[in-house]
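K.L.:
Here you go, one structure.
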Amino acid sequence: MAKKNKNQLVNYDKYGYFFVAPFIIAFLVFQLYPIFYTFQLSFTDLAGWETQMNYVGFKNYFALLQNELFLKALRNTWIIWTMNFIPQIGLALLLAKWFSDARMKLKGAGLFKVLFYMPNIITAASVSILFSTLFSYPMGPINQLLIQFGVLSEPFEFFRSVGATRSIVAFIQFWMWYGNTFIILMAGILGINPSLYEAAMVDGATSSQMFFGITLPLIKPITLYVLVTSFIGGMQMFDIPFLLTLRGNPDYSIETVTMFIYRQAFSGSRNYYVAATASITLLVMIVIVSIIIFKVMGDDKKINKPFTSRFRKAGVLHE
C-alpha cells in the first residue's frame with residue numbers, strides 16, 4: 001500500500017497475480033491437465049491411432065496387476081533403486097561426518113565437494129555411452145583390465161548377465177547422485193547450532209558420539225527429504241537403463257516401470273490405455289509409500305527434546 005494523496009491509498013497487491021500468472025497457466029496446461037487426462041484414459045480402451053474410446057471401468061487396473069511384464073518392471077525398479085540408494089545414503093552420511101567434523105580439519109573441503117557433485121551435472125546420455133563403452137564386449141577397457149590382472153581368463157559379456165547389468169545401472173545411479181545427497185545433508189548439518197557441538201566437546205564426547213547423538217537426530221527432517229525424493233526419482237528411473245541397453249536386456253532385467261509405460265504408449269500397437277493405467281498405478285504407489293515413510297520417520301518428538309537431556313540420557317554428557 002502506498003500514499004497517492006493525503007486521503008487516498010493505492011493498493012499494489014493485485015499486481016502480484018500478474019507475476020504468478022505465467023506459472024499457473026503453464027502448470028494448468030502442461031501438468032494438471034495431462035494428469036487428469038491420463039486418469040481418464042486409464043478407464044478407456046484407447047489404442048493405436050483411434051480417436052474413439054469406450055469406458056471400461058477398472059478393467060485395465062485388474063488386467064495390469066496380472067501383466068507379467070509390468071510386475072517384472074515394478075520389481076526391477078525396486079531392486080535397482082534399493083541397490084543404489086543404500087550405498088548412496090551410506091557414503092553421503094560418511095562424507096558428511098568427515099566434512100562436518102571440526103577435529104579432522106580437512107583441507108580443500110570446497111574442492112572435494114565440487115568433485116563429488118560433478119557426476120550429477122553430466123547428462124544421462126553421456127554417462128550411458130561412457131559405461132556402455134567401458135563394459136563393452138570383448139575389447140572394452142574393463143574386460144582388458146580384468147584379464148590383465150588375472151581376474152578373468154576371457155572377456156565377459158556384462159550386458160548378457162542379469163546381475164551384472166543391474167549392478168552397472170545401480171552403480172551409475174549411485175555414482176551420479178551420491179554427491180547431490182551429500183551436499184543436501186551437509187546443508188542440513190550446517191544449520192545445526194555449533195554450541196551443541198562445543199558443549200559436547202567440552203564434556204569429552206567423541207566425534208562418533210557427537211555424530212550419532214547430535215547430527216543424525218537433528219538432520220532427520222533432511223534425511224527424510226532425501227529418502228522421499230530419492231524414492232520418487234528412483235521409481236521414475238528411465239534414462240540410464242533405457243539408453244544403456246535400449247531394450248532393457250538381458251531378459252528385461254533392467255526394464256523399469258517408466259520404460260514399460262514408454263513402450264506401451266510410443267511403440268508397437270500404442271496401447272495408450274495400458275500406459276495411462278500404469279502411470280496412475282505408479283503415482284498411487286509413490287503417494288502411498290511416501291505417506292508411510294512420513295508416518296514412520298516423521299515423528300519430531302525426539303528431535304524437539306532439549307539436547308542436554310537427550311545426551312545425558314545417552315551417557316555422553318554428565319551432570
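K.L.:
Counting only residues that are assigned to a helix (DSSP H, G or I) and open to solvent by less than 30 Å² (accessible area, probe 1.4 Å), which one in region 228-241 is farthest from Val162 (Cα to Cα)?
P.N.:
Of the residues in region 228-241, the ones assigned to a helix (DSSP H, G or I) are 228-235, 239-241.
Add one more test, that the residue is open to solvent by less than 30 Å² (accessible area, probe 1.4 Å), and what stays is 228, 230-231, 234-235, 240-241.
Numbers: Val228: 27, Ser230: 24, Phe231: 23, Gly234: 19, Met235: 19, Ile240: 16, Pro241: 13 Å.
Of everything passing the filter in region 228-241, Val228 is farthest from Val162 (Cα to Cα).
K.L.:
Follow-up. Do we have Thr123 as open to solvent by 60 Å² or more (accessible area, probe 1.4 Å) and within 24 Å of Thr258 (Cα to Cα) here? Before you say what the answer is, go through the steps one by one.
P.N.:
Details: open to solvent by 60 Å² or more (accessible area, probe 1.4 Å): yes; within 24 Å of Thr258 (Cα to Cα): yes.
Taking the combined requirement at face value, the residue satisfies it.
K.L.:
A further question on this structure: Name the residues in region 88-123 that are more than 24 Å from the chain's Cα centre (by Cα), closer than 15 Å to Phe211 by Cβ and not hydrophobic (A, V, I, L, M, F, W, C), would you?
P.N.:
Asp101, Arg103
K.L.:
Determine if region 67-77 includes at least one residue that is of a type in the set (Asp, Glu) and in a helix (DSSP H, G or I).
P.N.:
First, pick out the residues of region 67-77 that are of a type in the set (Asp, Glu): 68.
Then keep just the ones that are in a helix (DSSP H, G or I); that gives 68.
Checked against the condition, which is being of a type in the set (Asp, Glu) and in a helix (DSSP H, G or I), region 67-77 yields at least one hit.
K.L.:
Given the criteria assigned to a helix (DSSP H, G or I), modelled with pLDDT under 90 and either open to solvent by 50 Å² or more (accessible area, probe 1.4 Å) or in contact with a helix residue (DSSP H, G or I) (Cβ under 7 Å, 6 or more places away or on another chain) (or both), does Tyr178 qualify?
P.N.:
Numbers: assigned to a helix (DSSP H, G or I): yes; modelled with pLDDT under 90: no; either open to solvent by 50 Å² or more (accessible area, probe 1.4 Å) or in contact with a helix residue (DSSP H, G or I) (Cβ under 7 Å, 6 or more places away or on another chain) (or both): yes.
The answer is no for Tyr178.
K.L.:
Which members of region 196-216 meet the condition of being loosely packed, with under 14 Cβ neighbours inside 10 Å and either aliphatic (A, V, I, L, M) or at pLDDT 90 or above (or both)? Spell out the reasoning first.
P.N.:
Quick first cut of region 196-216, residues loosely packed, with under 14 Cβ neighbours inside 10 Å only: 198, 202, 204, 206, 208.
Correct list: Val202 only.
K.L.:
Exactly one of these conditions fails for Tyr262: (1) more than 30 Å from Glu157 (Cβ to Cβ); (2) out of contact with any Leu (no Cβ under 6 Å at 6 or more places or on another chain); (3) among the aromatic types (Phe, Trp, Tyr). Give me its number.
P.N.:
Among (1) more than 30 Å from Glu157 (Cβ to Cβ); (2) out of contact with any Leu (no Cβ under 6 Å at 6 or more places or on another chain); (3) among the aromatic types (Phe, Trp, Tyr), the lone unmet condition for Tyr262 is (1).
A quick yes/no check of all residues on (1) in a helix (DSSP H, G or I); (2) touching a residue at least 60 places away in the same chain (Cβ under 8 Å):
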position: Lys107; (1), (2): no, no
position: Phe112; (1), (2): yes, no
position: Pro119; (1), (2): yes, yes
position: Ser136; (1), (2): no, no
position: Val151; (1), (2): no, no
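K.L.:
When region 242-287 is examined, which residues are found to be assigned to a loop (DSSP other than H, G, I, E, B), closer than 23 Å to Leu227 by Cβ and either of a type outside the set (S, T, N, Q) or without any contact (Cβ under 8 Å) to a residue 40 or more places away in the chain (or both)? Give the derivation first.
P.N.:
Within region 242-287, the subset assigned to a loop (DSSP other than H, G, I, E, B) is 246-256, 267-271.
Next, from what is left, pick out any that are closer than 23 Å to Leu227 by Cβ: 254, 256.
Across region 242-287, the qualifying residue is only Ile254.
The values are calculated or read from the model by the stated rules, or taken from the named source; none is laboratory data. The structure presented is a predicted model; accordingly, all values stated were derived computationally and were not measured. No Cβ is skipped: glycine too gets one built from the backbone with ideal geometry, and neighbour counts run over all protein chains shown. Heavy atoms of the whole protein, side chains included, go into the accessibility calculation; ligands, DNA and RNA do not. Shrake-Rupley method; radii C 1.70, N 1.55, O 1.52, S 1.80 Å.
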